[in-house]
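Here is the structure we will look at, set down as structure tokens.
Just so it is clear, none of the values below were taken in a lab; they were calculated from the coordinates. Because the structure is a prediction, the values reported are computed rather than measured. Here the Cβ is made from the backbone with ideal geometry for all residues, glycine too, and neighbour counts use every protein chain on show.
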């Protein structure tokens, strides 16, 4: 079953500032709490479509491919290479691993030179297992945007 988890918020920084931080696919540890390391495989650039990043998040290694990147649109899409396992201990009967594809899109907010970030993740879950995955990502995406907000505040 295909479902989408989405979150949007306004960041109190110009869109150019926010994009300069997230446009490099390998820059995840700089703005996402819990990501301790990220490596781009095969000597590709962090803005090169097809680049694969391998990163450590919460003690787990995850691989994603950069599926789309646009400086003009200020957006990028990443695709999970391996199905993502549900984190242990969150629910009594964890659902099966899921496929996923995430998109981050920035838009300029003229009033106050701020940035609207829209972050969505499309999940391909097993039948009957959509709800725990949706709830998990509906909690994770705001955590990630809050982490980005804290990083920007320190700059």
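Brief remarks follow.
Residue-wise test of (1) in contact (Cβ under 8 Å) with a residue 60 or more places away in the chain; (2) surrounded by fewer than 19 Cβ atoms within 10 Å (Cβ to Cβ); (3) not in a strand (DSSP E or B).
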{"site": "45", "(1), (2), (3)": "no, yes, yes"}
{"site": "87", "(1), (2), (3)": "no, yes, yes"}
{"site": "106", "(1), (2), (3)": "yes, no, no"}
{"site": "119", "(1), (2), (3)": "yes, no, no"}
{"site": "139", "(1), (2), (3)": "no, yes, yes"}
{"site": "142", "(1), (2), (3)": "yes, yes, yes"}
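- Among the conditions (1) without any contact (Cβ under 8 Å) to a residue 24 or more places away in the chain; (2) surrounded by fewer than 16 Cβ atoms within 10 Å (Cβ to Cβ); (3) within 19 Å of residue 148 (Cα to Cα), the only one that residue 58 does not satisfy is (1).
- Counting residues in region 79-95 that are in contact with a strand residue (DSSP E or B) (Cβ under 8 Å, 6 or more places away or on another chain) and closer than 19 Å to residue 148 by Cβ gives zero.
- Considering region 67-80, and only residues there that are assigned to a loop (DSSP other than H, G, I, E, B) and exposed (fewer than 15 other Cβ atoms within 10 Å of the Cβ), the residue that is farthest from the chain's Cα centre (by Cα) turns out to be 72.
- Within region 121-137, tally of residues that are within 17 Å of residue 81 (Cα to Cα) and crowded, with 17+ Cβ neighbours inside 10 Å: 4
- The single condition among (1) surrounded by fewer than 17 Cβ atoms within 10 Å (Cβ to Cβ); (2) in contact with a strand residue (DSSP E or B) (Cβ under 7 Å, 6 or more places away or on another chain); (3) within 18 Å of residue 26 (Cβ to Cβ) that residue 64 does not satisfy is (1).
- Number of positions in region 1-41 that are surrounded by fewer than 15 Cβ atoms within 10 Å (Cβ to Cβ), in a helix (DSSP H, G or I) and touching a strand residue (DSSP E or B) at 6+ places or on another chain (Cβ under 7 Å): 1
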